[in-house]
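A short worksheet on the structure shown next.
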Amino acid sequence: MSQDLERKNSKIVTKLVLVVLVMFGFGYALVPLYDVLCDITGQNIKLQAAADSETEFTVDESREITVEFITAINEKTPMEFRAETRTMKVHPGKYYTVNFYAKNITNNPIKAQAIPSISPGLAEEFFKKIQCFCFETQTFQAKEEKKMPVRFAVNPKLPERYKIITLSYTFFDRTNITEN
């Protein structure tokens, strides 16, 4: 009986180790998978098209939207990263620039990519970025600091029910990821 139990335990341990390895591999592959998904769905094309020109909007001075800026770094990304401005009141249709600060805290060069997210999700189509560090991978030399601007406007067609928009960025380390 004990040999049978030992064999069953050995199989369970093997399966659990395999599950852990698969989960680690999936986590490591998330950024490249995200890039592929964005290429397939055309999200990268939309971001680049948004960067191509500064659309003229009619500024709605009678309305104010609060824009919040949130930053995060992936746990494996050796950086400091923050928004220089946490919140700002904006008038729909007017262009604004906000700066973000990032620093490589290692003694080695790194490449990092910021992935943006806008909340609420339905407001995303009304948030127009024409300049953003998130459009391409950033290279940081050892201990290098950067001030990175984002230029944006909120389309005046944003429905009235939206009073707060949150723009968040998460930086991911891409140093050891090969580009296609």
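Computed from the coordinates by the stated procedures, all read-outs in this text should not be read as laboratory data. In this text the structure is predicted, and so the values were computed from the model without any measurement.
Pairs of Cα atoms under 8 Å, at least six residues apart: use those to get the relative contact order of the range 57-173, whole percent. Once normalised by length, the contact order is 38 percent. Counting only alpha carbon atoms, the long axis of helix 2-41 and the longest principal axis of the chain meet at about 20°. Prolate is the label for the range 72-168, because a/c, from the alpha-carbon gyration tensor with a ≥ b ≥ c as root eigenvalues, is 1.5 or above and a/b exceeds b/c.
Structure remark: mean-square fluctuation, Gaussian network model of the chain, C-alpha springs under 10 Å; the largest value among Phe152, Phe127, Phe24 belongs to Phe24. Over 25 Å, how big is the tail of the calculated P(r) for the chain, in percent of all Cα pairs? Cα-Cα pairs in the chain separated by more than 25 Å: 46 percent.
Using a cut-off of 22 Å between Cα atoms, the listed pairs Lys111/Lys143; Lys89/Lys146; Lys129/Lys157; Lys103/Lys163 include Lys89/Lys146; Lys103/Lys163 as exceeding that distance.
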